[in-house]
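*Asks:* The structure that follows is given in the form of structure tokens.
Since every read-out is calculated from the coordinates, none of them should be taken as a lab result. These numbers were taken from a predicted model, which means no experiment stands behind them.
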Amino acid sequence: MSAPDPKPGFFSRRKVRLVIARVLVAIGVVLAVIAIITGRMGLLVAAIVTVGVGAAFGPARIRR
């Protein structure tokens, strides 16, 4: 007999990942605006990375 499928983890749920993705993208956009206004290139790089991580959490990455 095979064991039943394990229950999916908290972060593998679609709604949780979608909320996290939206929050990360929003934070990245805010950081990018602040970086452009103040002229800090390091903050702009951090904003781009944050938006990229948010995009990686997005619904296109969820596979079943």
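*Asks:* Counting each DSSP H run of 4 or more residues in the chain as -39500 (n - 2.57), what helix-only mean residue ellipticity at 222 nm follows after dividing by all residues, to the nearest 500 deg cm²/dmol?
*Replies:* On the way: 2 runs with 41 residues, N = 64.
Value at 222 nm, helices only, nearest 500: -22000 deg cm²/dmol.
*Asks:* So what's segment 11-58 giving for Cα Rg divided by 2.2 N^0.38 Å, two decimals? Write down the numbers at each step before the final one.
*Replies:* Details: Rg = 11.7 Å, N = 48, 2.2 N^0.38 = 9.6 Å.
Segment 11-58 yields a ratio of 1.22.
*Asks:* What full-extension length gain, to one decimal in nm, is calculated for Ile36 and Val19 as 0.36 nm per residue of separation minus the Cα-Cα distance?
*Replies:* Details: separation 17, 0.36 × 17 = 6.12 nm, distance 2.59 nm.
Taking 0.36 nm per residue and subtracting the Cα distance, the gain is 3.5 nm.
*Asks:* For Ala26 and Lys7 in one chain, what is 0.36 nm times their gap in residues minus the Cα-Cα distance, to one decimal in nm?
*Replies:* Values: separation 19, 0.36 × 19 = 6.84 nm, distance 3.01 nm.
My answer for the length gained is 3.8 nm.
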